[in-house]
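Only one structure is covered here, and it is reproduced in the block below.
Values quoted throughout were computed directly from the atomic coordinates according to the rules given, and no laboratory measurement underlies them. In this text, all values refer to a predicted model and were calculated from it rather than measured experimentally. Every residue, glycine as well, gets a Cβ built from its backbone with ideal geometry; the counts of neighbours run over all protein chains shown.
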Amino acid sequence: MDLFRQHQIRKEQALLKDLTKTHYRTCHLCEAMCGLEISTLKGEVLSIRGDEKDVYSKGHICPKAVALQDIHADPNRLRQPMRRTENGWEAISWEEALQEAGDQIIRIQKEHGRDAVGIYTGNPTVHNTGTILYLYDFMNAVGTRNRFASHSLDQLPQMFMNGEMFGHQAMFTVPDLERTKYFLIIGANPLVSNGSIMSTPDIRQKLEDLQARGGKVVVIDPRKTLTAKAADEHLAIIPGTDVLLLLALVHTFFAEKLFPQNKLNRQPFIHGYQELEQLVLPYSPETVAVNCGISAQDIRLLAREFSQAKSAICYGRLGVSTQAYGTLCQWLILCLNILSGNLDRAGGVMFTKPAIDFLSLLKHEAKALRWKSRVRGLPEVAGDLPATTLADEILTPGEGQIKCLVTVAGNPVLSTPNGPKLDRALGQLDYMIAIDLYLNETTRHANLILPPATGLEVIHYDFVLAIVAIRNMANFSPAVFPKKANMRYDWEILYALQKRLEKEKMGFWAGFKHLIFDYLTPERRLDLALRIGPYGVWGGRFGQINGLSLAALKKRPHGIDLGALEPRLPGRLFTKDKKINLVPANIVKDLPRVQDLMQAESKDPDTLLLFGRRQLNSNNSWFHNYARLMKKGDTCLAQIHPNDATKHGIVDEQVVTIRSKTGEIKIRVDLCEDILPGTISIPHGWGHGMEGTQLDLANQFPGVNVNILTDDLEVEGLTGNAVFQGIPVQIISDTTANQI
Ligand SMILES: Nc1nc2c(c(=O)[nH]1)N[C@H]1C(S)=C(S)[C@@H](COP(=O)(O)OP(=O)(O)OC[C@H]3O[C@@H](n4cnc5c(=O)[nH]c(N)nc54)[C@H](O)[C@@H]3O)O[C@H]1N2
Ligand SMILES: Nc1nc2c(c(=O)[nH]1)N[C@H]1C(S)=C(S)[C@@H](COP(=O)(O)OP(=O)(O)OC[C@H]3O[C@@H](n4cnc5c(=O)[nH]c(N)nc54)[C@H](O)[C@@H]3O)O[C@H]1N2
Ligand code: SF4
Ligand SMILES: [Mo]
């Protein structure tokens, strides 16, 4: 009997093994592009682990990857279009939903003009191949100037400077991390964020390798972050003052003649050195030290080390972009890399040669300041207005007022400064359409939610992130699971709406266009772009595989390494004169504003400066509903230094009130020696538990929305980007606060 049973079990196991499938797939959750090995059985995920053979990540993953199965199976995920009625939400068919969405957009534009329909696009649009392939055609079909994107809560200063200096907003410099000897990280925490505008898996290993080859890692951050702890040196800076440090570094380069003249001669396509020298003249280390909190001696040492290193990278990310002088910071970072001869050379910052060269394909997007927002006159960059003024455009009556909003993969109620104002504004819209997976803090205002098939159900090719990868590479992932018959992909939703609008606006001609576009499915678009790309069968040649195409990529489930970054200048420049101007006019105009920071009276000793903090198990606002990542529950804590706690009579884990010019929150305190005294750090993406949302786990551990404290009216000076760092707040230890 036992023997028979054992035989049965073995037979079942063999059968299961037969049915078990292994899939190789690039993780789309952050920018690192880790290769995954996913085992599935009958439509369910059995395991997710790092793909050891992935050419890029070689087995590395982070805790978030395992949540892919939770996203896939989350019972809260919407799987059918939902319409809000007086009696609550009702599920409707796709035909009805798309008809209604199209009708409403057309109706509102007929009644109030094109700009009466606004669009907000969120962070995951970049991480979803189908969405990004169809998004711009959809937005063009709507034809509104009221376009807002989450990159204005993030990287607009970098994009703006790319445009000013390289002629293309997407022409990002990428750290050549694998070869550098000196890595200066300002306002980034890649050991937690897994890197941004520097797409690479396993940054910890890369930093260790760098140190093992005798290189040095220096971190400038108000907090001794995980990255700072892994570095050789950490300099704590007062939040929001990096522009002063950077001006002083560039000043020191000139004052101490830290760059050999012959280095400059080698780059005849760069001009403006003398003007730059004049501009930074007033900012010696001695004049800025007190205001930025880093001693003049440390600044000088840093400048000397940076210039003397065999190769060096100055890399500044979210922490420097999302401050009042973010664009000036990004400009000075480029200047440092250029002055030290590290632009476009091995071990410095370089430019990719991606298999899909979407920079060339998107040439027309390299524009800025062509129009301004209606209410506050904030500038357009790359076709989008800053999300910091979305609420104003909804709330302020007049021609061009937004009456209908379409959100695509975004949660601006939690992610934009002064979230409550936007929350109020969304409540006043005539109509709102949300293309999103969840009934969350933002989409609860929608009249119609259109939930796509996504995650493991979609094909994936990171052609956007490939432009910021630290090596040239390409990897295509087929879908792990087929989408269910009654579901639509993001791209299908966007395309259906595009067609509907174009039929209305273009009439007869729309038919021809759609014949071609129907043929150009996402896979065909990728294939075409690969074929005409620099390694493509029609555009170039690549080693033994004789040119890339989608079919060639499909044969390589672990991806293709296309080699280390190579010098690309001046050929790659998109500027009209094929030159780089070190002193763009817009920058020269903006620079005097720094005097405000220099002359800032010593701040009120009771004021703390607020800045942000990312968490390893989270991803902006939408990862708090997955049990695997929420084992610790609500980790939305305000970190302050024990000295400040003593000063304000606060004890560890006490609930306090934090008040800013904009709003007030109650939050638990976490005393932390790692943070600079006089500052306070709170993570973003929390603040769940709002009425009408359907996020069971997140609502159990809601945390608080830090963007109640941040100010939509205090924006980055040149671009209108959000400011999340250096917000003055008061901490109040009242007894009522402790009763919640
Ligand atoms: N205080 C503070 N605020 C910040 C930041 C900060 O550091 N501090 N960081 C800012 C930054 S850098 C960013 S990028 C923004 C992010 O801001 P947003 O992009 O507005 O917010 P996310 O939290 O990323 O919201 C993503 C939404 O997309 C949905 N979604 C996920 N996948 C898909 C998909 O495949 N298709 C569709 N249609 N929907 C999908 C999710 O359900 C969620 O609603 O937040 C910003 N806000
Ligand atoms: N786990 C996780 N990973 C993520 C995300 C997430 O939410 N969670 N979000 C993704 C997104 S959308 C993005 S854009 C990237 C961002 O990735 P990063 O650019 O690495 O951003 P952060 O991790 O927020 O790190 C910013 C750092 O700036 C510091 N900082 C704050 N204010 C200042 C200042 O005034 N000066 C200086 N010098 N430093 C300052 C903060 O202490 C923090 O350590 O991460 C992505 N990856
Ligand atoms: S680091 Fe990013 S890409 Fe890699 S497994 Fe984690 S979430 Fe996915
Ligand atoms: Mo971001």
TODO: Only helices at least 30 Å long along their axis, Cα-based, and averaging 1.6 or more on Kyte-Doolittle count here, so list those DSSP H runs from the chain.
DONE: none
Task: C-alpha center-to-center spacing [region 558-576, region 134-158] in angstrom - done: 26
Open item on the list: Through the Karplus equation 6.51 cos²θ - 1.76 cosθ + 1.60, θ set to phi - 60°, convert the phi angles of region 74-80 into ³J(HN,Hα) values in whole Hz; use x for Gly and Pro.
Closed with: 3, x, 6, 5, 7, 10, 9
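Would you order F724, F701, F172 from fewest to most other beta-carbon atoms within 10 Å of each residue's own beta-carbon? Working shown, then result.
On the way: F724 27, F701 17, F172 20.
Ascending Cβ contact count within 10 Å gives the list F701, F172, F724.
Would you work out the Kirkwood radius for region 585-634? I mean one over the mean of 1/r across all pairs of different Cα atoms, in Å.
Every distinct Cα pair counted, the radius reaches 15.4 Å.
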Task: Selection of GluC sites (Glu not before Pro), region 31-98, meeting DSSP coil and at most 14 other Cβ within 10 Å - done: E52, E86
Open item on the list: Sequence gap of 8 or more, or different chains, plus Cα separation below 24 Å: how many lysine pairs satisfy both in region 601-739?
Closed with: 7
Task: trypsin sites (Lys or Arg not before Pro) within region 285-348, DSSP loop, no more than 15 other Cβ atoms inside 10 Å - done: K310
- [ ] For V219, list long-range residues whose amide hydrogen, built 1.01 Å from N in the peptide plane, is under 5 Å from its own amide hydrogen.
- [x] I185, E233, H234, L235
- [ ] Using a/c under 1.5 as the rounded threshold, could you call the chain rounded, prolate or oblate? The axes a ≥ b ≥ c are square roots of the C-alpha gyration tensor eigenvalues, and prolate needs a/b larger than b/c, oblate otherwise.
- [x] rounded
Task: Length released on extending from E86 to H514, taking residue separation times 0.36 nm less the Cα-Cα span - done: 150.4 nm
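Order of V655, V715 from fewest to most other C-beta atoms within 10 Å?
Working: V655 17, V715 23.
The most exposed by this proxy come first: V655, V715.
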- [ ] At most 16 other Cβ atoms within 10 Å and a DSSP loop assignment: could you name the chymotrypsin sites (Phe, Trp or Tyr not before Pro) in region 328-397 that fit?
- [x] none
Task: Karplus-derived HN-Hα couplings along region 608-618 (A = 6.51, B = -1.76, C = 1.60, θ = phi - 60°), whole Hz, x at Gly and Pro - done: 10, 9, 7, 9, x, 7, 8, 10, 4, 8, 10
Open item on the list: Quick check: Cα centre of region 438-456 to Cα centre of region 580-647, how many Å?
Closed with: 29
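Which value does Rg/Rh take for region 19-73 over its C-alpha atoms, Rh per Kirkwood?
Values: Rg = 10.6 Å, Rh = 11.2 Å.
Here the Rg-to-Rh quotient is 0.95.
Per residue, what volume in Å³ does the convex hull of the Cα atoms of region 584-740 enclose?
On the way: hull volume 23.1 nm³, N = 157.
Once divided by residue count, the hull of region 584-740 is 147 Å³.
Once you've got the Cα coordinates, tell me which of K513/K576; K310/K576; K58/K229 are over 29 Å apart.
Numbers: K513/K576 32 Å; K310/K576 32 Å; K58/K229 24 Å.
Violating the 29 Å Cα-Cα cut-off are K513/K576; K310/K576.
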Task: Computed helical MRE - 222 nm, the chain, DSSP H runs ≥ 4 contributing -39500 (n - 2.57), nearest 500 - done: -9500 deg cm²/dmol
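Near L369, within a Cβ-to-Cβ distance under 11 Å, what is the net charge of the other residues, with Lys and Arg +1 and Asp and Glu -1?
Values: positive: K367, R370, K372; negative: E164, E380.
For residues surrounding L369, the net value is +1.
Would you mind ranking M690, M171 so that the residue whose beta carbon has the fewest other beta carbons within 10 Å leads the list? Numbers along the way, then the final one.
Details: M690 17, M171 22.
So the ranking, lowest neighbour count to highest, is M690, M171.
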Open item on the list: For Cα pairs less than 8 Å apart in space and 6+ apart in sequence, what is the mean separation divided by the residue count of the chain, i.e. the relative contact order in percent?
Closed with: 19
